[in-house]
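For reference, the structure is listed below as structure tokens.
The values are calculated or read from the model by the stated rules, or taken from the named source; none is laboratory data. What you are looking at is a predicted structure, and each value in this text was computed from that prediction instead of being measured. A quick note on method: Cβ atoms are made from the backbone with ideal geometry, for glycine too, and the neighbour counts reach across all protein chains shown. Ligands, DNA and RNA are excluded from the accessible area calculation, which covers all protein heavy atoms including side chains. Shrake-Rupley method; radii C 1.70, N 1.55, O 1.52, S 1.80 Å.
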Amino acid sequence: MTRILIAANWKMNLNTSQASLLIHRLQERVKIHRDIEVVLFPPMLTLQPLSMQIDRRKFRLGAQDAYYQDEGAYTGQVSVHMLRDLAHYVIVGHSERRHVFGETDDEISKKVQACIRNDISPILCVGETKQERLDGETNQVIHDQLMVGLSGVTSNDMDDVVIAYEPVWAIGTGDNATVTQIEDAVKVIQKNLSAMFGPRATKKVRILYGGSVTPDASRGYLEIDGINGLLVGGASLNYHQFSDIVDSAYRVARENQ
Ligand code: PEP
């Protein structure tokens, strides 16, 4: 079966000692399961110390963002290239990057390509705003974000690409997307990927859902056809909640065996 990916986006929270304490608690609760991949996205500052603390049989590390140039005069940036030995994944095009920092689809595309060039898997986030949904533009937004974000990517590269459907209105709001809305978005993503890369490459691409995921809702999301994991923000900062979400993934994986 396709490995379920449970990603924890800690955003700009937790200093080095708080992050270390959270890992310690998670390490006690999270069990090893070969069909589940748990990836933590701590603040950049804490990646290095956490890489020495984590039990690699239980966790992998990723970065919440990174710059596409490999090196040079780019004050304040950390490149994808610099993360090569530390991170397995980089989140690219998170809605907070797009909307708070004005990141464009063109920059996002360069970041995706930098990930592929440096053997790191990009998790490309796509999703519509509330207004875009109300205006009936959801499918078009997803199409455009995929088309531009994945331009320059080949069918072979798609083995390493993960797509996260994250409706902007559901992120950090407690306003969950319904199963039907997610099913529809998954179909749109698969249709577009298939048109761009062919059905074989599309089958291998894991699609995650993200947006106010809670332990109670997690199982229902993981049972949606075509969803292969979750991108969790707020709930990933609470070790009870996050380990309960990982437990939901265990149950789903066991049933699918
Ligand atoms: C996220 O950060 O991608 C996210 C989905 O956050 P939250 O779970 O808090 O909505």
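When both residues are 6+ apart or on different chains and their Cβ atoms are under 9 Å apart, which pairs have a first residue that lies in the range 124-147 and is more than 16 Å from the ligand (Cβ to nearest atom), and a second that is acidic (Asp, Glu) and part of a helix (DSSP H, G or I)?
Thr138/Glu132; Thr138/Asp184; Asn139/Asp184; Gln140/Glu132; Val141/Glu132; Asp144/Asp105; Met147/Asp105
Go through (1) over 14 Å from His94 (Cα atoms); (2) over 17 Å from the mean Cα position of the chain (by Cα) and name the single condition Thr129 misses.
(1)
Could you identify the single residue in His99, His81, His88 that is farther than 20 Å from Leu193 by Cα and within 16 Å of the ligand (Cβ to nearest atom)?
Details: His81 fails: within 16 Å of the ligand (Cβ to nearest atom); His88 fails: within 16 Å of the ligand (Cβ to nearest atom).
Result: His99 is the single residue among His99, His81, His88 that is farther than 20 Å from Leu193 by Cα and within 16 Å of the ligand (Cβ to nearest atom).
Return a yes/no flag: does the range 200-220 have any residue that is touching a strand residue (DSSP E or B) at 6+ places or on another chain (Cβ under 6 Å) and basic (Lys, Arg).
Looking through the range 200-220, at least one residue is touching a strand residue (DSSP E or B) at 6+ places or on another chain (Cβ under 6 Å) and basic (Lys, Arg).
Given the range 182-257, what helices (runs of 4 or more DSSP H) lie entirely inside it while holding 1 or more residues that are within 15 Å of the ligand (Cβ to nearest atom) and of a type outside the set (S, T, N, Q)? Give the derivation first.
Numbers: elements: 199-203, 215-222, 239-256.
Those helices (runs of 4 or more DSSP H) span 215-222, 239-256.
Take the residues in the range 150-181 that are among the polar types (S, T, N, Q) and within 13 Å of the ligand (Cβ to nearest atom); name whichever of them is farthest from Ile4 (Cα to Cα). Walk me through it before giving the result.
Keep residues of the range 150-181 that are among the polar types (S, T, N, Q), which gives 151, 154-156, 173, 176, 178, 180-181.
Filter once more, keeping what is within 13 Å of the ligand (Cβ to nearest atom): 173, 176.
Details: Thr173: 25, Asn176: 20 Å.
Only one residue fits best here, namely Thr173.
Spot the failing condition for Gln64; the list is (1) within 16 Å of the ligand (Cβ to nearest atom); (2) free of Cβ contacts under 8 Å to residues at least 24 places away in the same chain; (3) not hydrophobic (A, V, I, L, M, F, W, C), and only one is missed.
(2)
Is the range 67-76 home to any residue that is without any contact (Cβ under 8 Å) to a residue 12 or more places away in the chain, closer than 21 Å to Val162 by Cβ, out of contact with any Leu (no Cβ under 8 Å at 6 or more places or on another chain) and away from the ligand (no atom under 16 Å from the Cβ)? Explain how you work it out, then say what you get.
Of the range 67-76, the ones without any contact (Cβ under 8 Å) to a residue 12 or more places away in the chain are 71-76.
Restricting the remaining residues to those that are closer than 21 Å to Val162 by Cβ gives none.
Taking every residue of the range 67-76 in turn, none turns out to be without any contact (Cβ under 8 Å) to a residue 12 or more places away in the chain, closer than 21 Å to Val162 by Cβ, out of contact with any Leu (no Cβ under 8 Å at 6 or more places or on another chain) and away from the ligand (no atom under 16 Å from the Cβ).
Within the range 19-33, can one find any residue that is acidic (Asp, Glu) and within 19 Å of the chain's Cα centre (by Cα)?
Step one: list which residues in the range 19-33 are acidic (Asp, Glu), which gives 28.
Next, from what is left, pick out any that are within 19 Å of the chain's Cα centre (by Cα): none.
No; the residues of the range 19-33 include none that is acidic (Asp, Glu) and within 19 Å of the chain's Cα centre (by Cα).
Please go through the range 236-249 and give me each residue that is open to solvent by less than 10 Å² (accessible area, probe 1.4 Å) and in contact with a helix residue (DSSP H, G or I) (Cβ under 7 Å, 6 or more places away or on another chain), ordered by number.
Matches in the range 236-249: Ser236, Phe242, Ser243, Ile245, Ser248, Ala249.
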